[in-house]
Amino acid sequence: MAEEQATTTSATEIIAAARQRNAQLVARYRDQLIELEPRYLVQMAHLTTPATVWKYIEGAVTRSTANLVMLDLEDSIPRNNQELLEHGRANVIRALNELDWGHRLRFFRPRGMELDPAHEDIAVIVEQAGANLDGLIYPKIEDADEVRSIDATLSALEEKFNLPVGRIRIEALIESARAEENLFAIAQASKRLVGLVLGTYDYWASLGLLASTYRYDHPIINQIRCSLVKAAAAVGIPAIAEMTTNYPTRDKSDDQRRAAIEEFRRDALYAREFGFAGKWTGIPEQTSMAVEIFQIPDAEITRAIAEARLFLEAEAQGRGAIMIDGKMADRATDRVNRNTLKTAFALARIDEAMARELRLI
């Protein structure tokens, strides 16, 4: 009897130690997840426009179908042209303070660490328009320390100018082999992150490869696509696909224009199959197409609602798995359905009452 009691006591102590140890692990895993406001789940079309051309800014911000508009201070400004840089900054500030952005997320792209190691672009714009800024897309991120440096600058600026600390968000633009190696660390570096964006052309250049060997479905690019989507998913943020630079411009023939539009469609469909939530765009035709392609079909939402209801009923009856239309459904399939439903709720395609019924909120 004494021996049995000693064994039980010993096992109880082991169980208690395991509980304490593993509770810390679970807490750490959960802490790595980034809880996004629903609007940050809706990033089907990122429209980038040069910050130096006001008519383009006005059209993108007030008339486009984009979910996110990014005013660009990096590629749209020649290096060491201070006059154009100041003009671009002034346009970003004016657009944030004066234009009606509607539902669109309000972002800009600073020049990056190599060209602006002091984060001057960020400081100037946050000081004068931070209250109207949703976030920045930071180019050529190389590692997690760089993300943490941006976070520190934003925190200091928010405190300085009486803005809510943590409100201005970050999307990391992944454009090099070094960044690819650090993807998971980058994704976990800041709670401000609301997206990882792929830049394939700079990535291709970082590999020292020739333009003639580039193709959209190259195995090397597919590798970084997989890594980026996984790193974004690990923390619960969207992955955004690269730009298609072949535009259907007016100087092209009808056949060339159609080919450019079809190239974008092909690239977007390809990205969607990899698990990207949206795509960078540069013109209205691309933007409208991206919204269409990355939209969730009505039938998929309807199916996810029905299956989520059935699974909730099954759990209430003490079952962990059920058959739906001849297929086994369990917690794993329910999690997949909930990915669909969370995005549908963010898109206002299911209402709050249904979201509560399905325990999405």
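Table for the structure above
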item: The chain: Cα Rg divided by the 2.2 N^0.38 Å rule of thumb; result: 1.14
item: Values of log10 I(q)/I(0), in the order q = 0.12, 0.27, 0.29, 0.30 Å⁻¹, for the range 298-357 under a Debye, Cα-only, solvent-free model; result: -0.27, -1.16, -1.26, -1.31
item: Top of VAL235, VAL42, VAL165 by mean-square fluctuation, Gaussian network on the chain, Cα under 10 Å; result: VAL165
item: Rounded to whole Hz, the Karplus (6.51, -1.76, 1.60) HN-Hα couplings of the range 128-135, x for glycine and proline; result: 9, 8, x, 5, 10, 9, 8, x
item: Cross-link pairs beyond the 25 Å C-alpha cut-off, checked among LYS279/LYS327; LYS230/LYS279; LYS55/LYS342; LYS55/LYS191; LYS140/LYS252; LYS230/LYS327; result: LYS279/LYS327; LYS55/LYS342; LYS55/LYS191; LYS140/LYS252; LYS230/LYS327
item: Rounded to whole Hz, the Karplus (6.51, -1.76, 1.60) HN-Hα couplings of the range 254-266, x for glycine and proline; result: 4, 5, 5, 5, 4, 5, 5, 5, 5, 5, 5, 4, 4
item: Least to most buried among TRP54, TRP280 (fewest other Cβ within 10 Å first); result: TRP54, TRP280
item: Degrees, to the nearest 10: 284-294 long Cα axis against longest axis of the chain; result: 10
item: Mean residue ellipticity (222 nm) of the chain, computed from DSSP H runs ≥ 4 via -39,500 (n - 2.57), nearest 500; result: -17000 deg cm²/dmol
item: Amide H contacts under 5 Å for ARG106, placed H, 5+ residues apart; result: ASP134, GLY135
item: Cα-centre dipole for the chain with unit charges at Cβ (Lys and Arg positive, Asp and Glu negative), debye to 20; result: 580
item: Gaussian network model of the chain, Cα within-10 Å springs - most flexible of ASN80, ASN67, ASN132; result: ASN80
item: Listed residues ALA314, LEU347, VAL336: farthest to the positive end of the dipole of the range 298-357 (Cβ charges); result: VAL336
item: Karplus-derived 3J(HN,Hα), 6.51/-1.76/1.60, for each residue of the range 203-218, Hz, glycine and proline x; result: 4, 4, 5, 5, 8, x, 9, 8, 4, 5, 9, 6, 8, 4, 10, 4
item: Per-peptide average of other Cβ atoms within 10 Å, ordering 284-292, 194-202 highest first; result: 194-202, 284-292
item: GNM result for the chain, Cα springs below 10 Å: residue of ARG215, ARG28, ARG39 fluctuating most strongly; result: ARG28
item: Residues PHE294, PHE184, PHE161, sorted so that the one with the fewest Cβ neighbours within 10 Å comes first; result: PHE161, PHE184, PHE294
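Read the figures in this text as sums done on the coordinates, not as results from a lab. From a predicted model like this one, the values you see are computed outputs, not experimental measurements. Note that we place each Cβ from the backbone using ideal geometry, even for glycine, and neighbour counts take in every protein chain shown.
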